[in-house]
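Colleague: Have a look at this one.
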Amino acid sequence: MTERIITDDDIDAVSTRIRDEVKIRLIDAQKGLHHKTLVLFAAYSGQRPSTIGRLTVGQFRQALSLEYPVLKVEAHQDKIRMAHYVPIHPSLIKDLNELINERADEEKMFNTLVMERWLKERNIPLSKANNCSKFVLSDCRKFFEQKSDEIGFDDANKAFIMTHGVSGVQWSNYKAFLPENVYSRYMEYWGKSEI
């Protein structure tokens, strides 16, 4: 069993710390919005920090303009070089729209290195870890995996969204996903979840 269990409380602790630092002006409101939205996007999608760091403002702008807001990750942006769809949770839409406002399409949406440095400097402890572990950005991916199992989202759609456990003939020759179907299946489980 993994000792690194990531809970809603852990994601909430990071969000609260960001909000508190904005309130006392340790970080400005724009940076706070960036940090909060990055953590929540990662937690709601299970994307690797390296993938998130390659996503552009234009990709988010395109996804947010769709009837079913699904972001298409290009193969070159993913660790295992697999193009895939990432549903955008409805609770993120307002903040994402604010973050893309007046920014160029080719600009990177999130600065994961700045976020990782911020987390390292804060040493935010995990609530259920036995070994005094501190929260890191990649914990959002673990959270998505663990929370998905908890809420019953444990099918091929989860694996596709995360590009996790997707090797073999079945995946390369038989599995196919439409963005609207990925979004619908995701919303069946994650639509009721609020972090």
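Colleague: Counting each pair of different Cα atoms once, what's the Kirkwood radius of segment 29-120 in Å, rounded to one decimal?
Modeller: 13.2
Colleague: Let me see the P(r) profile for segment 8-190: every Cα-Cα distance counted, bins of 10 Å, each bin given as a percent of all pairs.
Modeller: 9, 37, 37, 15, 2, 0
Colleague: What residue among Val114, Val73, Val57 shows peak mean-square fluctuation when the chain is described by a Gaussian network model with Cα springs under 10 Å?
Modeller: Highest fluctuation among the options: Val114.
Colleague: Hey, another quick one. Run the simple label-point estimate for Glu188 and Asp105 please: 7 Å along Cα→C-beta, distance reported in nm.
Modeller: Output for this residue pair reads 3.4 nm.
Colleague: Would you kindly state the longest site-free stretch of the chain, with sites defined as trypsin sites (Lys or Arg not before Pro) in a DSSP loop (not H, G, I, E, B) surrounded by at most 14 other Cβ atoms within 10 Å?
Modeller: Counting at most 14 other Cβ atoms within 10 Å as exposed, the longest clean stretch of the chain is 26-78.
Colleague: While we're on this one: With θ taken as phi - 60° and the coefficients 6.51, -1.76 and 1.60, list the Karplus ³J(HN,Hα) couplings across segment 70-77 in order, rounded to whole Hz; mark glycine and proline as x.
Modeller: 10, 8, 9, 8, 6, 4, 5, 8
Colleague: Hey, another quick one. Take Ser133, project a point 7 Å from its Cα along the Cβ direction, then tell me which residues of segment 34-66 have their backbone nitrogen under 19 Å from it.
Modeller: Answer for this model: 39-40, 42-50.
Colleague: Let me ask something else. State whether segment 1-79 is rounded, prolate or oblate according to the following rule on the C-alpha gyration tensor (a ≥ b ≥ c being the square roots of its eigenvalues): a/c under 1.5 gives rounded; otherwise a/b larger than b/c gives prolate, and the remaining case gives oblate.
Modeller: Note, shape of segment 1-79 comes out oblate.
Colleague: Hey, another quick one. Assuming R0 = 22 Å, can you tell me the calculated FRET efficiency for the pair Thr16 and Leu66, based on Cβ-Cβ distance, to the nearest 0.05? Please report the intermediate quantities before stating the final value.
Modeller: On the way: r = 32 Å, r/R0 = 1.44.
Once rounded, the FRET efficiency stands at 0.10.
Colleague: Could I ask something else about it? What percentage of all Cα-Cα pairs in segment 88-158 are separated by more than 13 Å?
Modeller: Of all Cα-Cα pairs in segment 88-158, 77 percent lie more than 13 Å apart.
Colleague: Same structure again: Residue by residue through segment 155-163, what is 3J(HN,Hα) from phi via Karplus (6.51 cos²θ - 1.76 cosθ + 1.60, θ = phi - 60°)? Round to whole Hz and write x for glycine and proline.
Modeller: 9, 4, 4, 4, 4, 5, 4, 7, 6
Colleague: Ala29 to Ala176: FRET efficiency via 1/(1 + (r/R0)^6), r the Cβ-Cβ distance, R0 41 Å, to the nearest 0.05?
Modeller: For R0 = 41 Å, the calculated efficiency reads 0.45.
Colleague: Add -39500 (n - 2.57) for each DSSP H run of 4 or more in the chain, then divide by its residues: what number comes out at 222 nm, to the nearest 500 deg cm²/dmol?
Modeller: After summing the helix terms and dividing by residue count, I get -15000 deg cm²/dmol.
Colleague: Just list whichever of Lys36/Lys158; Lys36/Lys79; Lys79/Lys134; Lys72/Lys128; Lys108/Lys158 have alpha carbons separated by over 29 Å in the model shown. Before the final figure, lay out each step's value.
Modeller: Working: Lys36/Lys158 23 Å; Lys36/Lys79 24 Å; Lys79/Lys134 24 Å; Lys72/Lys128 33 Å; Lys108/Lys158 25 Å.
With Cα atoms farther than 29 Å apart: Lys72/Lys128.
Colleague: Tell me, which longest segment in the chain has none of the GluC sites (Glu not before Pro) that fall in DSSP loops with at most 12 further Cβ atoms within 10 Å?
Modeller: With GluC sites (Glu not before Pro) excluded where exposed in loops, the chain gives 108-193 as its longest stretch.
Only the coordinates and a few stated rules stand behind these numbers; no lab work does. On a predicted model such as this, the values are computed, not experimentally measured, just so you know. Note: ideal-geometry Cβ built from the backbone for every residue, glycine included; neighbour counts use all protein chains shown.
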